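Have a look at the structure below, then the notes.
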Amino acid sequence: MTDHQSLSERFAAIRYIGDMIPTGGRGAPVAPPTYIGEERGVPKFAYSAEHPVPDPASGYARFLTDENGAHVLRPAVVINSLGAEATGIEAAIFAGQEELGVTLPGIFLNADDYSDADLEGIAKKSLKKDNSQYTPETLAQALRFDLESAHASTWTTPHRHVDTYIRHAVIDGQQIWANPGSEVYSIIAQASQGRADLLFRYFPNSALMGFWLSSVAPRRHKLARALSSTVQGYDAHEVVYGATKGDVLGGITSTTGMRRNAKTLELEPAAASKKTAPSAVGLGLVPTSPVTKAFSCSAILRRSSISLTHLRHLSVPGNPEASTQIADVLAWMGVYGLLATASEGFYRSGCDLVTGSENSSLTLIGRDGTETPWDVSVEDAAEGFRAAYAKLPEELRFAEPIKAGYPETIVAARADTLVAESNTAEEE
């Protein structure tokens with residue numbers, strides 16, 4: 001339970017360890033995220049050949065050592081990255097507004113300024129550039145769906161309030177970054193560690209997760225993450241898979257050529273070549289070489305921390321007490337996000353995890369390194385947040401959400417992308 005005393009005044013950090021167990025059972029193969037590799041078709045993983053191994057006897061808080069006190073090193077692989085964790089935590093915080101008892105601030109994009117006729121006009125321009133299955137009407141509908149379903153905001157864009165989608169969003173007919181005299185431009189340009197009144201009131205997730213205004217700005221503000229979280233598989237061993245795509249008729253000879261008609265989309269005969277092989281249109285048997293697709297791990301842990309020391313460095317000019325008040329609200333927000341995402345362990349196909357209760361824990365880290373077990377539920381975290389927020393003076397409370405629109409340049413680029421993806425013309 002919570003006692004509502006200041007966390008940031010008493011402790012240096014909060015640590016969370018989540019014992020992640022595959023739904024197939026501990027040690028069952030899981031598929032990590034893949035990255036661009038040197039060889040086409042061969043996935044690349046964030047894999048370390050040697051990494052310290054957590055000790056289950058310590059609740060995974062310590063690492064195994066040998067008789068000489070040196071760390072035991074075994075392979076490890078990243079299951080969910082720092083950025084992916086941040087995205088999930090921010091989404092959980094935003095989804096929990098009702099439980100947290102607040103309306104969260106930010107800049108939120110919508111397509112309200114675009115009529116159906118506007119989108120059809122943009123669609124017609126894109127369709128002049130390439131062959132496509134789209135008509136102006138259907139492309140306009142696809143555009144509206146994409147713009148509205150993206151829910152683009154400072155809570156969802158990769159770079160938060162300094163993302164290109166945000167800086168070039170349209171307010172009152174002008175892109176924010178093309179209007180230096182506007183209030184919203186000023187807020188984004190000044191929000192920083194030393195102007196936490198702006199950063200916290202308008203972009204609290206940036207204050208917690210960090211940001212970098214790195215270019216085309218009067219000041220290049222940068223703030224490190226206070227909340228860091230990753231999911232790592234330890235003592236990781238490769239699991240190799242191979243597959244052959246079947247054919248319901250038993251196969252189509254590769255000496256037969258066929259293609260889709262660019263205008264009618266009908267499948268029709270063509271001169272045999274590599275580009276007109278049956279496999280090019282999804283027919284025939286397609287074998288693949290066995291490659292590493294998954295890893296079996298003795299332990300998969302979600303290791304997270306919230307630096308209260310870092311949060312205390314957020315400052316408001318002329319108000320020294322604000323640092324602790326803001327730090328406490330953000331700390332509770334982070335704890336809520338961590339616990340709310342503990343039940344969201346489906347990361348991708350072949351990687352579905354649950355959080356085991358026995359070895360999962362929160363710990364308060366004292367300024368002298370002492371560790372205090374902390375029994376807090378997601379409901380307790382919401383209560384702690386509400387109590388900390390209630391202590392804020394009116395001038396530090398969250399600002400009203402800001403509505404903005406998409407610039408036509410981005411909408412047109414999205415239309416071009418949809419057309420290119422549906423291109424039915426035969427490749428040269």
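The values are calculated or read from the model by the stated rules, or taken from the named source; none is laboratory data. Small disclaimer: the values here were computed from a predicted structure and weren't measured. Heads up, the Cβs are rebuilt from the backbone with ideal geometry, glycines too, and the neighbour counts pull from every protein chain shown.
Below is a table of values for the structure above.
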| item | result |
| --- | --- |
| Set SER279, SER229: member being at pLDDT 90 or above, hydroxyl-bearing (Ser, Thr, Tyr) and on the phi < 0 side of the Ramachandran plot | SER229 |
| Segments classed as strands (runs of 3 or more DSSP E), wholly inside region 294-390, with at least 3 members that are within 26 Å of the chain's Cα centre (by Cα) | 299-307, 346-348, 351-365 |
| Any hit, region 65-79, residues being outside any strand (DSSP E or B), of a type outside the set (Gly, Ala, Ser) and in contact (Cβ under 8 Å) with a residue 40 or more places away in the chain | no |
| Selection within region 391-428 - of a type in the set (Gly, Ala, Ser), buried (at least 19 other Cβ atoms within 10 Å of the Cβ) and part of a helix (DSSP H, G or I) | ALA415 |
| Residue under evaluation ALA280, criteria (1) in the same structural domain as LYS44 (by TED's automatic domain parsing); (2) hydrophobic (A, V, I, L, M, F, W, C); (3) touching a residue at least 12 places away in the same chain (Cβ under 8 Å); (4) not in a loop (DSSP other than H, G, I, E, B), criterion not met | (1) |
| Cross-chain or 6+ apart pairs with Cβ under 6 Å, region 148-169 first and farther than 20 Å from ILE93 by Cα, then of a type in the set (Phe, Trp, Tyr) | ARG167/TRP177; HIS168/TRP177 |
| Subset of region 139-153 that is in contact with a strand residue (DSSP E or B) (Cβ under 9 Å, 6 or more places away or on another chain) and within 14 Å of TYR114 (Cα to Cα) - its residue that is surrounded by the fewest Cβ atoms within 10 Å (Cβ to Cβ) | GLU148 |
| Residue match in region 366-384 (condition: buried (at least 19 other Cβ atoms within 10 Å of the Cβ), in contact with a Lys or Arg (Cβ under 8 Å, 6 or more places away or on another chain) and closer than 21 Å to ILE326 by Cα) | no |
| Residue count for region 283-331, restricted to those that are in contact with a Pro (Cβ under 6 Å, 6 or more places away or on another chain) and either surrounded by fewer than 16 Cβ atoms within 10 Å (Cβ to Cβ) or at pLDDT below 95 (or both) | 1 |
| Enumeration of residues in region 268-280 that are touching a strand residue (DSSP E or B) at 6+ places or on another chain (Cβ under 9 Å) and loosely packed, with under 14 Cβ neighbours inside 10 Å | GLU268, PRO269, LYS275 |
| Candidate set: region 283-293, residues that are part of a loop (DSSP other than H, G, I, E, B) and among the polar types (S, T, N, Q); chosen: the one farthest from ALA76 (Cα to Cα) | THR288 |
| Of the criteria (1) of a type in the set (S, T, N, Q); (2) in a helix (DSSP H, G or I); (3) in the same structural domain as VAL335 (by TED's automatic domain parsing), which one SER126 fails | (3) |
| Any hit, region 181-189, residues being part of a helix (DSSP H, G or I), over 26 Å from the mean Cα position of the chain (by Cα) and not polar (S, T, N, Q) | yes |
| Residue, modelled with the lowest pLDDT, within region 132-144, restricted to residues that are part of a loop (DSSP other than H, G, I, E, B) and closer than 13 Å to ASP416 by Cβ | SER132 |
| In region 6-38, the residues that are of a type in the set (A, V, I, L, M, F, W, C), closer than 26 Å to PRO56 by Cβ and either at pLDDT below 95 or out of contact with any Leu (no Cβ under 8 Å at 6 or more places or on another chain) (or both) | ALA28, ALA31 |
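Each row is one residue, and each column tells you yes or no for (1) surrounded by 19 or more Cβ atoms within 10 Å (Cβ to Cβ); (2) assigned to a loop (DSSP other than H, G, I, E, B); (3) of a type in the set (S, T, N, Q).
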site: PHE108; (1), (2), (3): no, no, no
site: TYR114; (1), (2), (3): yes, yes, no
site: TRP155; (1), (2), (3): yes, yes, no
site: TYR165; (1), (2), (3): yes, no, no
